[in-house]
Amino acid sequence: MTEAIVVLEKAEAVLMKRIRAMKDGAPKWSASNRLNELRAALKMIKLYEREAEAFEAEQDEYIKEALVLHPPIAQA
């Protein structure tokens with residue numbers, strides 16, 4: 001996911017530079033709408049990544065707790 005975030009952030013920067021250079025009008029508004037969509041996608045991906053990391057950490061803690069409460073029994 002980090003690669004997607006990097007690519008989208010670069011695309012955002014390029015689009016912002018292009019918008020600054022444009023004159024007011026329909027093309028600028030269209031590009032601005034695209035920029036807003038790009039930013040929304042970035043926010044969604046970052047939120048998803050944070051939630052996935054939190055879920056993984058929670059699962060790890062659950063497994064650790066389960067192993068402490070019910071340790072595996074070694075058989076010889």
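Each value in this text was obtained by applying a stated rule to the coordinates, not by laboratory testing. The structure presented is a predicted model; accordingly, all values stated were derived computationally and were not measured. Don't worry about glycine lacking a Cβ; one is built from the backbone with ideal geometry, like all the others, and counts go over all protein chains shown.
A few comments on the model shown:
- Rounded to the nearest 20, the Cβ-based charge dipole of the chain about its Cα centre (Lys and Arg +1, Asp and Glu -1) stands at 960 debye.
- Between the residues 6, 22, 57, the greatest Cα displacement towards the positive end of the dipole of the chain, with unit charges on the Cβ of Lys, Arg, Asp and Glu, is found for 22.
- Cα gyration tensor, the chain - rounded (a/c under 1.5), prolate or oblate: prolate
- Of the trypsin sites (Lys or Arg not before Pro) found in the range 1-52, those that fall in a DSSP loop while having at most 16 other beta-carbon atoms within 10 Å are 23.
- Helical content of the chain, expressed as a calculated mean residue ellipticity at 222 nm, amounts to -30500 deg cm²/dmol (DSSP H runs of 4 or more residues, -39,500 (n - 2.57) each, divided by residue number, nearest 500).
- In sequence order, calculated HN-Hα J values of the range 39-50 (Karplus, 6.51, -1.76, 1.60; Hz; x Gly/Pro): 5, 5, 5, 4, 4, 5, 5, 5, 4, 4, 5, 5
- Pairs of Lys residues in the chain that lie 8 or more places apart, or on two chains, and have C-alpha atoms under 30 angstrom apart add up to 11.
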